[in-house]
Structure formats: structure tokens, C-alpha cells
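None of the figures in this text is laboratory data; all of them are computed from the coordinates on show. Just so it is clear, the structure is predicted and the values come from calculations on it, not from any experiment. Here the Cβ positions follow ideal geometry from the backbone for every residue, glycine too, while neighbour counts run over all protein chains shown.
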Amino acid sequence: MSDELPDSIHLVLVERLPNHIAVVTLNRPEVRNAINPAITSELGHVVQALNADDVWVIVLTGAGDKAFCAGADLTTVGSGQLDDLWTDDAGFAGFVFAKRTKPWIAAVNGAALAGGLEMALACDMIVADERSTFGLPEVRVGLVAIAGGAFRLPRVIPPAIAFEMIATGQSIGAQRAFSLGLVNSVAPAGDSVTIALELATRIAGNAPIPVRESLAIARRTSDLTESELVRMSDEAWSRLSKTEDFAEGPRAFLEKRSPIWLGR
């Protein structure tokens, strides 16, 4: 698969913005951005391309104002094509278990349900429209949240609340999600992308390689021992010390100017 990044793909739109920021939009608003085989293939391509592209922070959102993503397209599931919504290396939607080297922010603008919530949980941060809802309703249709929801949600919010959401299939609103620590902030109606871009801009103002290395460590805190995390940190420092940006921060501080990050 080529790493060349098109300006837009039919079901996954990619917009490059200043400051090394990109917005990726799931583009099936007529079905609440539900995931079908085509969007799975296209999103997997976009993830790989952005890993190689000169983009430092990515915002993921859904087209329209009804849903971030309503999960798997049940027409696809009902026709026995569930496997076509997964890729071997990245899981559901070509996204939830993908190896992503850069920060991803979910800008949730409506319902994030089932696989949609699992996609948001796969991101590093979540900004939610005040009208947003979050839930794992799989049990209501005889399914299991196998795309990360059943184990990622209890890592993020109090386990008892996560267990209740998983077992009942009931959803929670944006303010409850914020109070539980599921989302970073709640935006006014229609402004989730705007607020997510403000967060992305703050992140992109920092040295990009240290951001990536720091998040790579932080993502592993729940499944590595402290000694393994120490070794991972030492290895990150060793790689960082060989970059051009390593000396730029201290030099800019001494020269009383803003650093100019090169990302290499």
C-alpha cells in the first residue's frame, strides 16, 4: 500500500491545515458515519500515510451533526461481512489497533456508539460536542465490543461505571463523560472540531518528536512494568539526543526567542 496521501478520499476526507495539523473526516453522514468495508480500507490507508507525512497532530471527526460514528454498518454485519470491517494489522475500521506514531484527537460531534466509541477510545484525547453521547450498545443486538471497548473503557473511567455501560448498553452524555474523565473537554454545540483544533495547535507548538516519544510511553503505562517503562524512557532519550531539535529548545531559551522545531 502506498504511503502517498491524497488530498481527499471519497469516504475519508483529509484536510491539511497550518502548523502541521490535519483533520480526518469520516464521510458517510447519511448513515451516521457507520463503518463499511470501503471506509475501513480508506481509513487504514490514511493512517499509514499520515504516519509518514509531515503532519504532527491529527483530529478525527465525523461528517454532519448527528454522529461521530455509529459503529459498524449493520447492513454489512447482517450480510455476514463483519470480517471485512477489520484489517489484520489495525483491527476494526483499519484504526482501533493501528500503530499510530502521532497524537490523534477525536472531535466527537454527536453519537459515538459501539465501534464509534471504540474509535474515540483509540485516540489519545477526546473533545465532545455538548450534544454528544457515548455508549457500547453491542449487547442489545447480540454482539460484543471486541474492538477495544470492553477493555479500554474500564481503563479510562471507573470500572463499575464501565461495567454498567457494557452490560446494559446504555449511553451517557457529554457532561457525564467529562465528569468521568472520558473526554478532555466539552465544546458548545457544533464546535467540537474548533476546540479540538485549539488543542491540536497547542500540541503542535511543542517539539514533535518529544511529543511522540512521550505519548508512546504514556500509552503503555497500563501494560508494562515500571522497569520496562524506565527502559522505554531511556531508549526514547537516546533517540531524542540524536535529533536536530534536541539542541534547539535550550538554544532558543538562552537566545530568548521561540524555538523553531524541524521535527528531525
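Could you work out the local net charge near Ala106, counting Lys and Arg as +1, Asp and Glu as -1, over the other residues with Cβ closer than 13 Å to its Cβ? The answer is -1. With contacts taken as Cα pairs under 8 Å and at least 6 residues apart, the chain reaches a relative contact order of 15 percent.
Among the trypsin sites (Lys or Arg not before Pro) in region 30-124, those located in a DSSP loop and surrounded by at most 16 other Cβ atoms within 10 Å of their own Cβ are Lys66, Lys99. Is it possible to state the helix-based mean residue ellipticity at 222 nm for the chain, with each DSSP H run of 4+ residues giving -39500 (n - 2.57), the sum divided by total residues, to the nearest 500 deg cm²/dmol? What is it? For the chain, the value works out to -11500 deg cm²/dmol. Of interest is the spacing of the C-alpha centroids, which for region 69-90 and region 140-215 amounts to 22 Å. Highest mobility in the GNM of the chain, judged by mean-square fluctuation with C-alpha springs under 10 Å and restricted to Met165, Met232, Met125, is found for Met232.
The candidate values were (1) 34, 29, 17; (2) 29, 21, 18; (3) 31, 20, 19; the one computed from these coordinates for semi-axes √(5λ) of the Cα gyration tensor in Å carries the label (3).
Which residue, Pro208, Pro18, Pro137, tops the fluctuation ranking in a GNM of the chain built on C-alpha contacts under 10 Å? Ranking Pro208, Pro18, Pro137 by mean-square fluctuation puts Pro18 first. Straight-line reach from Lys256: which aspartates and glutamates have Cα under 16 Å away, leaving out those fewer than 8 places along the same chain? Qualifying aspartates and glutamates at Cα under 16 Å: Glu248.
When exposed loop sites are taken as GluC sites (Glu not before Pro) in a DSSP loop with at most 10 other Cβ atoms within 10 Å, the longest stretch of the chain clear of them is 5-254. Extension gain for Gln81 to Glu228 (0.36 nm times residue separation, less C-alpha to C-alpha distance): 49.0 nm.
Full extension of the chain segment joining Glu235 with Arg219 gains 4.2 nm, where the gain is 0.36 nm per residue of separation less the Cα-Cα distance.
Taking every full run of DSSP H in the chain, the ones that stretch at least 20 Å from end to end by Cα along their long axis and average 0.5 or higher on the Kyte-Doolittle scale are 37-52.
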